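The values are calculated or read from the model by the stated rules, or taken from the named source; none is laboratory data. If you're wondering where the values come from, they're calculated on a predicted model, not measured in any experiment. Counting neighbours? That spans all protein chains shown, and the Cβs are built from the backbone with ideal geometry, glycine included. Remember, those area values only see protein heavy atoms, side chains included, never the ligands or the DNA or RNA. Shrake-Rupley method; radii C 1.70, N 1.55, O 1.52, S 1.80 Å.
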Amino acid sequence: MGQKLLMKGNEAIAEAAIRAGCLHYFGYPITPQTEISHYMAKKLPKVGGVFLQAESEVAAINMVYGSGSTGTRVMTSSSSPGISLKQEGLSYIAGSQIPAVVVNIVRSGPGLGGIQPAQSDYFQSCKGGGHGDYRQIVLAPSSVQELYELTVEAFNLADRYRMVAMIMGDGNLGQMMEVVEFRNEEPIEHYDKQWATVGHENSREQNVVTSIHLNPAVLEKMNLDLQEKYRVIKEKECRYEIYNQDADIFIVAYGIVARIAKSVIEMAKDKGINVGLLRPITLWPFPDQAFDQVIDKAKAFLTVEMSSGQMLEDVKLALNGRKPVYFHGRMGGMVPARDDIMKEIRNIYNLHVKND
Amino acid sequence: MVHEVILAGFGGQGILSAGRLLAEAGMLDGNHVSWLPSYGPEMRGGTANCNVVVSKTPVDSPVLNSCNELVIMNKPSLDKFETMVEKGGIVIIDSSIVDRDVKRDDINSFLIPATNIASEMGNMAFANIILLGKLIKERQTVSVENFEKALYAVLSERKHHLIPQEMEALKIGMDYK
Amino acid sequence: MAIVFQKPKALKDTPMHYCPGCTHGIAHRLVAEALDELDIEGKTIGIASVGCSYNSYDYFGCDMIQAPHGRAPAVATGVKRSKPDNVVFTYQGDGDLAAIGTAEIVHAAARGEKITVIFINNTIYGMTSGQMAPTTLLNQYSTTTPYGRIADQHGFPINVCEMLATLEGPAYIERVSLHDVKHIKKAKQAVKKAFKVQIANKGFSLVELLSTCPTNWGLSPVESLKRVEDDMIPHYPLGVFKGKDLEV
């Protein structure tokens, strides 16, 4: 490893993108992710890249669509209300199979909501916020170091599968500072983008980037191809962390909430309660198989989110009734407190572990 | 031990940069650190606070619902955060601005008229550094040596000429009885 | 025997799906002729929009991208900023460009993006079956103005060239018409000039082509051409609105 720097999460994302070879950034200002734009505006011109502040979120994602169509590594970033506006472009990018990295530093909603952290865009990100049968890879870092590493990874995944890879953070992750240790060289994967629209130079057939197929049979085939791609991703790209594999109770949490969960695990240990953490790193594909690894010993699961219980649905699907699932959530920019989670753990312990 | 620090006051008192300095110095000491600011409208005149964790082991939660070290630069912040200090914890209060001590007897408090002292030194912006001096003296949150290095790392170069005075302010805080 | 007239190379062999009397075919041809004559098809990337010409990539031979409704100038911006040495054009109708895509066209023009916009104005939404467009003339009938466009209710038509010409960004803006041979010849020169402006790196260029929609107007092809001349040109005067003295 190389240089160590104390960095804001948002800055780490921007630096990671540049290191991953992303020289094109299109965005529109929105709190709490503006540092990404500031960083890109400052750094990209110095490395021969392009920073452009678009007239709207809608325009920004379509600039990404155009830039990505030429085979560049391209990124945009925003926060919840802005990501809602980008859904049109995201659907087109999915349909046209263009690689792009999109960052969502989630804030609380609905509507204009607030600017404090939330995880209430899980459904929008993982279940398809725009129209049509499509998915995007959603990565959920839980530290500034991971924001850096997963952003680099997102560019590889986007290129590998020709689709959107989204970094889903939250206001706290974006704003906080931690030490980032940079690699001397990034593991950049190179793909031959023969599909890119860069001008045929009279030496090959015309390339067309499109998502419209008015013949239903053709469009169904295109959808089946997409689904097959998603199946492969689900098989190969699930990422997760299991902490304290032999625990009786598992907290299921991602992002900043997983960090809070880790301190609860320490508190519980002091009280003689064996608690573990199951942390999905890919929210889509959701790591169902992670649950199989702990289900024999685990007595119950507690999902903790900064939402009304959105990932909770995937946890229940993964467990499929095999073990009880509890939920603790905060909304509106409130962050789950260690003591409150500990209280839930105690109740679950009394119900499912104590007299067993 | 894990230093869980909350710093709080008005926007413009240097609360966020004081936390930033602790995190930077903690990193230079070889510790794991995190710095989490309150963000948004607070930055422009309201209240400001930040959470800093300095730890020998990787930081679990950068979000603090309780702390063992509290630095207070206005009264609303003392009202809000006093109850969040763990038993045996420490509170450093700028008594030029806050007109009361803590109400609890299971925590230690230190009252320093930091803003007045800083004014006498000719620069009100040193008040946060004076308070940090006391914190560092009492709790060894970070080393003095690396605090100075942190000043060079965090402050923009056009402010580097102020650093000897900042270190003097730190020492005044450390020595304050 | 000498060939004196043939299909431009930049057009493919695909038979066009446009209605009888629609001028899209002529507009396509003019663009293709410009690509041929400037020998730029190989480095051109076209942006198709949403409307009757959504699949213009079936007709143009250059690389193409199909853009969401109204967003073609933003997509073109992304392409041009990534590949500044390529030639980039959008092909958009009046609903696409002047209604849902107003923000995108205004800001691409204001930024002086080095792209070429081919703007088809036939005063109506064609593909979705004849609704009122931002360019629909007062008193004109459409499926959503069945009693005619009334200013009090529907507002006034937008003159895109005049509006964009108020900006600093555009280098060249001209309005031409496709209603007869003389005007088509003039239109050809305008389209070609618009591409030359881009190649010379002078800035944003846009050509508005007054066009027909016999099907949705409920007129014969011949009546439609007459309507362009009699009704549209008086409201949408022909001429150069920006870059009159620009030599390329």
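Is at least one residue of region C:161-170 of a type in the set (S, T, Y) and not in a loop (DSSP other than H, G, I, E, B)?
So far as region C:161-170 goes, no, none of its residues is of a type in the set (S, T, Y) and not in a loop (DSSP other than H, G, I, E, B).
Restricting attention to region A:144-158, which residues are touching an Asp or Glu at 6+ places or on another chain (Cβ under 6 Å) and either open to solvent by 10 Å² or more (accessible area, probe 1.4 Å) or hydrophobic (A, V, I, L, M, F, W, C) (or both)?
Once the filter is applied, which keeps residues that are touching an Asp or Glu at 6+ places or on another chain (Cβ under 6 Å) and either open to solvent by 10 Å² or more (accessible area, probe 1.4 Å) or hydrophobic (A, V, I, L, M, F, W, C) (or both), region A:144-158 yields A:V144, A:V152.
Quick test for you: out of A:A247, A:A196, A:A165, A:A217, pick the one residue that is more than 14 Å from every other protein chain (Cβ to nearest Cβ), of a type outside the set (K, R), under 28 Å from C:H69 (Cβ atoms) and open to solvent by less than 50 Å² (accessible area, probe 1.4 Å).
Result: A:A165 is the single residue among A:A247, A:A196, A:A165, A:A217 that is more than 14 Å from every other protein chain (Cβ to nearest Cβ), of a type outside the set (K, R), under 28 Å from C:H69 (Cβ atoms) and open to solvent by less than 50 Å² (accessible area, probe 1.4 Å).
Among the candidates B:D94, B:D101, B:D106, single out the residue that is at pLDDT 95 or above, more than 21 Å from B:G9 (Cα to Cα) and touching a strand residue (DSSP E or B) at 6+ places or on another chain (Cβ under 9 Å).
Of B:D94, B:D101, B:D106, the one residue that is at pLDDT 95 or above, more than 21 Å from B:G9 (Cα to Cα) and touching a strand residue (DSSP E or B) at 6+ places or on another chain (Cβ under 9 Å) is B:D106.
Filter region C:122-167 for residues that are of a type outside the set (S, T, N, Q) and over 21 Å from the mean Cα position of the chain (by Cα) and give the result.
C:L138, C:Y141, C:P146, C:Y147, C:G148, C:R149, C:I150, C:A151, C:D152, C:H154, C:G155
Given the criteria within 11 Å of another protein chain (Cβ to nearest Cβ) and touching a residue at least 12 places away in the same chain (Cβ under 8 Å), does A:G95 qualify?
yes
Considering only residues that are surrounded by fewer than 17 Cβ atoms within 10 Å (Cβ to Cβ), free of Cβ contacts under 8 Å to residues at least 40 places away in the same chain and closer than 9 Å to A:A318 by Cβ, which ones fall in region A:288-302?
A:D292
Checking the conditions here, which among C:G95, C:G70 is open to solvent by less than 10 Å² (accessible area, probe 1.4 Å) and within 11 Å of chain A (Cβ to nearest Cβ)?
C:G70
Taking region C:113-127 as the search range and keeping residues that are open to solvent by 10 Å² or more (accessible area, probe 1.4 Å) and within 14 Å of chain A (Cβ to nearest Cβ), which one is nearest to C:L164 (Cα to Cα)?
Looking at residues that are open to solvent by 10 Å² or more (accessible area, probe 1.4 Å) and within 14 Å of chain A (Cβ to nearest Cβ), I get C:K114.
Do you know which residues across region A:331-356 are touching a residue at least 12 places away in the same chain (Cβ under 8 Å), open to solvent by less than 80 Å² (accessible area, probe 1.4 Å), farther than 16 Å from A:V264 by Cα and not aliphatic (A, V, I, L, M)?
A:G332, A:G333, A:H352
What is the number of the single condition among (1) open to solvent by less than 10 Å² (accessible area, probe 1.4 Å); (2) closer than 24 Å to A:Y230 by Cα; (3) within 14 Å of chain C (Cβ to nearest Cβ) that A:M63 does not meet?
Tallying (1) open to solvent by less than 10 Å² (accessible area, probe 1.4 Å); (2) closer than 24 Å to A:Y230 by Cα; (3) within 14 Å of chain C (Cβ to nearest Cβ), A:M63 fails exactly one: (2).
For region C:29-56, which residues satisfy the criterion of being open to solvent by less than 20 Å² (accessible area, probe 1.4 Å), out of contact with any Ser or Thr (no Cβ under 7 Å at 6 or more places or on another chain) and in a helix (DSSP H, G or I)?
C:L30, C:V31, C:A32, C:A34, C:G42, C:S56 - these are the residues of region C:29-56 that are open to solvent by less than 20 Å² (accessible area, probe 1.4 Å), out of contact with any Ser or Thr (no Cβ under 7 Å at 6 or more places or on another chain) and in a helix (DSSP H, G or I).
If the Cβ limit is 8 Å and pairs must be 6+ apart or interchain, which residue in region A:196-217 that is within 19 Å of C:C52 (Cα to Cα) pairs with which residue that is exposed (fewer than 10 other Cβ atoms within 10 Å of the Cβ) and at pLDDT 95 or above?
Within 8 Å, no pair qualifies.
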